[in-house]
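Encoded as structure tokens, the structure appears first; notes follow it.
The values are calculated or read from the model by the stated rules, or taken from the named source; none is laboratory data. The structure presented is a predicted model; accordingly, all values stated were derived computationally and were not measured. Quick reminder, even Gly has a Cβ in these numbers, built from the backbone with ideal geometry, and neighbours come from all protein chains shown.
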Amino acid sequence: MMPKASIKVAANKLRVDGIVPSTSEGLIGIYIDDLLLTKVPLNNRVSADYGSFVFRAAKSLTAALPEVYQLKAELPDGSWLIVDETSPLGAGDNSLQAHLDDGFMVSAKAGYLFKPPVDQPGWSNDIFDAYTLAQEALANVPGTSGLFVAYGSLLGLIRDGKFIAHDDDFDSGFVVEAETPEEAAAKLHEVMDHLRAAGHTVTGNGHLGNFNLCFPDLPSVDMFLMYYRPTTGELCSYNLAHKCSLDMMLPLQVANFSDVEVLIPNDAKAMLAATYGEGWATPDPYFQWDMTPYHDRLKNEFSAAFTAITNSKKAA
């Protein structure tokens with residue numbers, strides 16, 4: 001029996017889940033009253049008969065919500081799902097509209113309020129300066145590839161020759177030799193420890209597979225550890241796994257953007273297709289990863305291993 005369309009909120013997790021008896025693809029609009037927050041994709045991996053969607057709200061968003069509101073979702077066919085209770089994600093200070101008027105956006109992937117950094121004066125120059133310093137720092141860490149431009153930052157530079165206007169940060173990555181989440185977690189500890197021992201400022205606890213390298217008066221550089229699993233033919237990070245060959249990524253190549261030399265994957269376009277799908281060249285401001293139980297397992301194994309190493313070091 002096919003389930004009815006439904007929407008529910010797990011207030012303790014600030015999470016909105018919906019089920020739609022439809023195999024059609026499309027975007028789900030998430031609304032507060034008549035105000036569109038963002039759009040999330042309808043995934044059809046639940047079964048052949050119905051799809052699901054999820055929206056996660058961060059505290060920066062809930063703190064800005066009205067005191068009383070109705071949460072609802074617009075489906076691709078124009079119909080609506082409405083949450084019965086009022087203010088299901090909690091009440092805020094009613095500053096949401098003012099934030100949006102000031103150029104803030106709501107992240108589709110993480111549900112937080114942010115102001116696209118590319119709109120901030122001097123940010124592009126500053127982030128390239130910070131990237132260059134981070135690249136030099138990582139070059140002194142044994143067992144790591146160079147620091148390459150990754151994910152959304154790479155997507156914008158290859159597709160448009162500039163950063164994506166609606167992106168929320170700058171992403172970079174490096175590859176280490178590891179074949180399991182546990183080995184990768186140990187490698188990440190080694191990299192972070194080496195950078196700290198060299199006098200660099202490393203923030204973030206690493207259990208999400210990345211950390212920030214910080215330099216005075218510059219934006220921080222978000223650095224993701226990646227590893228290749230030959231047994232599955234996947235380039236993996238904390239919770240993602242991209243089917244590809246290792247030679248799509250390595251050896252890294254030098255490219256020039258805004259008169260700055262950066263490192264990019266060996267075959268950047270093929271790597272972007274493996275990462276985002278064959279439609280990577282078409283802008284999608286509401287893109288989200290289609291997370292599966294397999295991805296959740298990678299995430300949980302990595303986080304558990306990283307946390308165990310952290311706790312062992314504290315106890316030593």
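Assorted remarks:
- Segment 30-60 - residue that is small (Gly, Ala, Ser) and surrounded by 18 or more Cβ atoms within 10 Å (Cβ to Cβ) and, of those, modelled with the lowest pLDDT: Gly51
- Here segment 262-303 is the region considered, the condition is being small (Gly, Ala, Ser) and surrounded by 14 or more Cβ atoms within 10 Å (Cβ to Cβ), and the residue that is nearest to Gly111 (Cα to Cα) is Ser303.
- The residues listed here are Leu250, Leu208, Leu225; of these, the one that is at pLDDT 95 or above, of a type in the set (A, V, I, L, M) and closer than 22 Å to Lys109 by Cβ is Leu225.
- Segment 71-83, subset modelled with pLDDT of 90 or more and among the charged types (D, E, K, R), residue farthest from Leu61 (Cα to Cα): Glu74
- Residue check for Leu81: assigned by TED's automatic domain parsing to the domain that holds His166, outside any loop (DSSP other than H, G, I, E, B) and over 20 Å from the mean Cα position of the chain (by Cα): no
- Meets criteria (surrounded by 14 or more Cβ atoms within 10 Å (Cβ to Cβ), in contact with a helix residue (DSSP H, G or I) (Cβ under 9 Å, 6 or more places away or on another chain) and either touching a residue at least 24 places away in the same chain (Cβ under 8 Å) or not in a strand (DSSP E or B) (or both)) for Ala64: yes
- Filtered residue count, segment 76-127, keeping only those that are touching a Leu at 6+ places or on another chain (Cβ under 6 Å) and closer than 23 Å to Lys162 by Cα: 4
- Among residues of segment 77-100, those that are surrounded by fewer than 16 Cβ atoms within 10 Å (Cβ to Cβ) and more than 17 Å from Asn12 (Cβ to Cβ), counted: 12
- In segment 149-175, the residues that are surrounded by 20 or more Cβ atoms within 10 Å (Cβ to Cβ) and more than 22 Å from Glu278 (Cβ to Cβ): Phe163, Phe170, Ser172, Phe174, Val175
- For segment 99-106, the condition of being aromatic (Phe, Trp, Tyr), within 30 Å of Thr62 (Cβ to Cβ) and in a helix (DSSP H, G or I) holds for none of the residues.
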